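What follows is a set of notes on a single structure, which appears directly below.
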Amino acid sequence: MSEEVRIIEMGPRDGLQNEKTPVSVDARIAFVAALVAAGLRTVEVGAFVSPKAIPQMASSDQVLRGVSHLTNAEFHVLVPNEKGYEAARAAGAQVVSVFAAASEGFSRANINCSVADSIERFKPVLARAKADGVRVRGYVSCVLGCPFDGEIKPKAVADLARTLWDLGCYEISLGDTIGVGTPTRARAMLRAVGANIPMAALAMHFHDTYGQALANLYAGMEEGVRVIDAAAGGLGGCPYAPGATGNVATEDVVYMLEGMGVRTGVDMDRLLAATNEISRLLGRPPASRVASALNAKKRMANRE
Ligand code: HMG
Ligand code: MG
């Protein structure tokens with residue numbers, strides 16, 4: 001596996017969207033800048049969703065504008081509908097992400113409509129994006145289980161991924177929203193999706209709730225997937241996915257990949273600094289095992 005893997009950094013969006021402690025716009029901008037400085041060249045920085053639903057993502061327009069001078073990185077934002085698309089474009093978005101779910105229960109809870117209706121909402125977004133030259137990424141949530149509907153069949157994921165692909169999404173990110181998957185199930189799901197659309201167009205977005213994310217990512221890499229969504233410090237979670245914890249930690253992914261000889265372009269020291277600063281603002285240590293280990297090592301070295 002001596003190739004490159006593209007990491008899509010989720011910290012400023014998925015990472016912060018479920019946090020109780022408010023984080024200022026300036027701190028969100030500084031977090032993004034620190035992640036870019038660490039070598040993360042694709043960062044999801046916010047969401048143009050209802051501020052009543054997700055107050056943490058309010059002022060995402062200011063965050064996006066505040067990082068526009070960082071021309072060496074690509075910034076993504078979530079948009080659930082045309083209203084979100086228009087606001088994202090007004091703030092300068094060049095890449096937007098639509099998000100659907102492989103389960104009806106989660107679709108209703110998260111975006112207040114059926115899966116079919118969500119696709120209808122995305123159609124005008126994709127049409128306008130195409131006309132505007134904006135790239136659209138598509139998420140499928142609950143690919144390995146739903147907090148409301150339970151087990152999800154790989155075919156349901158594969159069909160929805162194909163629909164988003166046919167609508168014009170350039171990449172499909174497959175979300176284990178509640179982190180319940182195991183490697184054999186992740187592999188079976190990816191094979192089913194990979195039979196419908198090219199493996200090169202797939203991304204793995206695995207939450208680490210049950211500690212399975214790295215193992216699942218490794219299984220997915222063996223299937224040929226080379227794009228990984230991760231959040232600095234293991235931040236993250238969706239308020240509409242009860243019990244779900246953070247994304248797989250970027251530090252843990254980088255440590256595993258670099259240890260396997262796969263290049264990531266990420267500077268671990270700088271990433272750790274970004275994680276430690278946001279953790280300080282949130283008032284708790286990072287969930288990442290690698291960040292904890294490296295912080296402990298630094299503390300010991302400082303004592304010597
Ligand atoms: P709705 O209530 O069905 O929509 O919400 P509506 O059209 O009836 O509008 C209701 C209110 O929202 C109105 O305001 C609209 O103006 C406003 P009011 O009249 O009540 O003052 N509104 C908006 N405001 C700002 N931006 C918009 C927008 N659209 C409507 N784009 C809606 C539907 C989708 C808007 C709502 O349910 C929502 O915002 N949900 C939030 C969903 C969300 O952000 N979830 C977390 C991200 S997804 C995730 O974490 C999973 C992922 O990480 C992958 C994985 O892990 O699986 C991506
Ligand atoms: Mg997520």
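The values are calculated or read from the model by the stated rules, or taken from the named source; none is laboratory data. This one's a predicted model, so the numbers in the text were calculated from it and none came from an experiment. Every residue, glycine among them, receives a Cβ derived from its backbone with ideal geometry; neighbour counts consider all protein chains shown.
For (1) on the phi > 0 side of the Ramachandran plot; (2) at pLDDT below 95; (3) surrounded by 18 or more Cβ atoms within 10 Å (Cβ to Cβ); (4) within 14 Å of ligand 1 (Cβ to nearest atom), each residue gets a yes or a no:
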| position | (1), (2), (3), (4) |
| --- | --- |
| T177 | no, no, yes, yes |
| G181 | no, no, yes, yes |
| T184 | no, no, no, no |
| M189 | no, no, yes, yes |
| I197 | no, no, yes, no |
| H205 | no, no, yes, yes |
| T209 | no, no, yes, yes |
| N216 | no, no, yes, yes |
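Go through region 224-304 and tell me which helices (runs of 4 or more DSSP H), entirely inside it, have 2 or more residues that are farther than 23 Å from Q212 by Cβ and not polar (S, T, N, Q). Before the answer, list the steps.
Numbers: elements: 250-259, 268-282, 289-303.
In region 224-304, 268-282, 289-303 are the helices (runs of 4 or more DSSP H) which contain 2 or more residues that are farther than 23 Å from Q212 by Cβ and not polar (S, T, N, Q).
Restricting attention to region 220-235, and to residues there that are more than 19 Å from G261 (Cβ to Cβ) and away from ligand 2 (no atom under 13 Å from the Cβ), which single residue is surrounded by the fewest Cβ atoms within 10 Å (Cβ to Cβ)?
Selected residue: G233.
For the subset of region 62-100 comprising residues that are touching a residue at least 60 places away in the same chain (Cβ under 8 Å) and either small (G, A, S) or assigned to a helix (DSSP H, G or I) (or both), which member is surrounded by the fewest Cβ atoms within 10 Å (Cβ to Cβ)?
It comes out as S97.
Of the numbered conditions (1) among the charged types (D, E, K, R); (2) away from ligand 1 (no atom under 13 Å from the Cβ); (3) touching a strand residue (DSSP E or B) at 6+ places or on another chain (Cβ under 6 Å), K130 fails exactly one; give the number of that condition.
All conditions are met except number (3).
Can L167 be described as under 15 Å from A203 (Cβ atoms) and among the aliphatic types (A, V, I, L, M)?
Numbers: under 15 Å from A203 (Cβ atoms): no; among the aliphatic types (A, V, I, L, M): yes.
The answer is no for L167.
Determine if region 253-260 includes at least one residue that is within 16 Å of ligand 2 (Cβ to nearest atom) and in contact with a helix residue (DSSP H, G or I) (Cβ under 8 Å, 6 or more places away or on another chain). I'd like the intermediate steps shown before the answer.
Narrowing region 253-260 to residues within 16 Å of ligand 2 (Cβ to nearest atom): 253.
Within this subset, residues satisfying the condition of being in contact with a helix residue (DSSP H, G or I) (Cβ under 8 Å, 6 or more places away or on another chain) are 253.
Yes, some residue in region 253-260 is within 16 Å of ligand 2 (Cβ to nearest atom) and in contact with a helix residue (DSSP H, G or I) (Cβ under 8 Å, 6 or more places away or on another chain).
Give the number of residues within region 88-104 that are touching an Asp or Glu at 6+ places or on another chain (Cβ under 9 Å) and either within 16 Å of ligand 2 (Cβ to nearest atom) or within 14 Å of A53 (Cβ to Cβ) (or both).
Of the residues in that region, 3 qualify.
Let's see how each residue does on (1) within 18 Å of S107 (Cβ to Cβ); (2) in a helix (DSSP H, G or I); (3) in contact (Cβ under 8 Å) with a residue 60 or more places away in the chain:
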{"position": "G138", "(1), (2), (3)": "yes, no, no"}
{"position": "V143", "(1), (2), (3)": "yes, no, no"}
{"position": "I152", "(1), (2), (3)": "yes, no, no"}
{"position": "A156", "(1), (2), (3)": "yes, yes, no"}
{"position": "A161", "(1), (2), (3)": "yes, yes, no"}
{"position": "L164", "(1), (2), (3)": "yes, yes, yes"}
{"position": "G179", "(1), (2), (3)": "no, no, yes"}
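Kindly indicate the residue of region 236-260 that is of a type outside the set (G, A, S) and under 14 Å from the mean Cα position of the chain (by Cα) and also surrounded by the most Cβ atoms within 10 Å (Cβ to Cβ) among those meeting that condition.
T250
Look through R137, R162 and report the one residue that is surrounded by fewer than 16 Cβ atoms within 10 Å (Cβ to Cβ) and either within 29 Å of Q94 (Cβ to Cβ) or within 12 Å of ligand 1 (Cβ to nearest atom) (or both).
Values: R137 fails: surrounded by fewer than 16 Cβ atoms within 10 Å (Cβ to Cβ).
Answer to the selection: R162.
It is to be established whether one or more residues within region 217-225 are of a type outside the set (D, E), within 27 Å of L167 (Cβ to Cβ) and under 13 Å from the mean Cα position of the chain (by Cα).
The answer is no; no qualifying residue exists.
What's the number of the condition R128 fails, among (1) under 20 Å from A203 (Cβ atoms); (2) of a type in the set (D, E, K, R); (3) assigned to a helix (DSSP H, G or I)?
(1) is the only condition that R128 fails.
Taking A296 and the conditions (1) over 25 Å from N216 (Cβ atoms); (2) crowded, with 20+ Cβ neighbours inside 10 Å, which numbered condition does it fall short on, given that it satisfies the others?
(2)
Which condition number in (1) within 14 Å of ligand 1 (Cβ to nearest atom); (2) of a type in the set (V, I, T); (3) closer than 15 Å to I8 by Cβ is the one that T42 fails?
So the condition that T42 fails would be (1).
Yes or no: region 252-265 includes at least one residue that is in contact with a Phe, Trp or Tyr (Cβ under 8 Å, 6 or more places away or on another chain) and within 15 Å of T177 (Cβ to Cβ).
The answer is no, given that none of the residues of region 252-265 is in contact with a Phe, Trp or Tyr (Cβ under 8 Å, 6 or more places away or on another chain) and within 15 Å of T177 (Cβ to Cβ).
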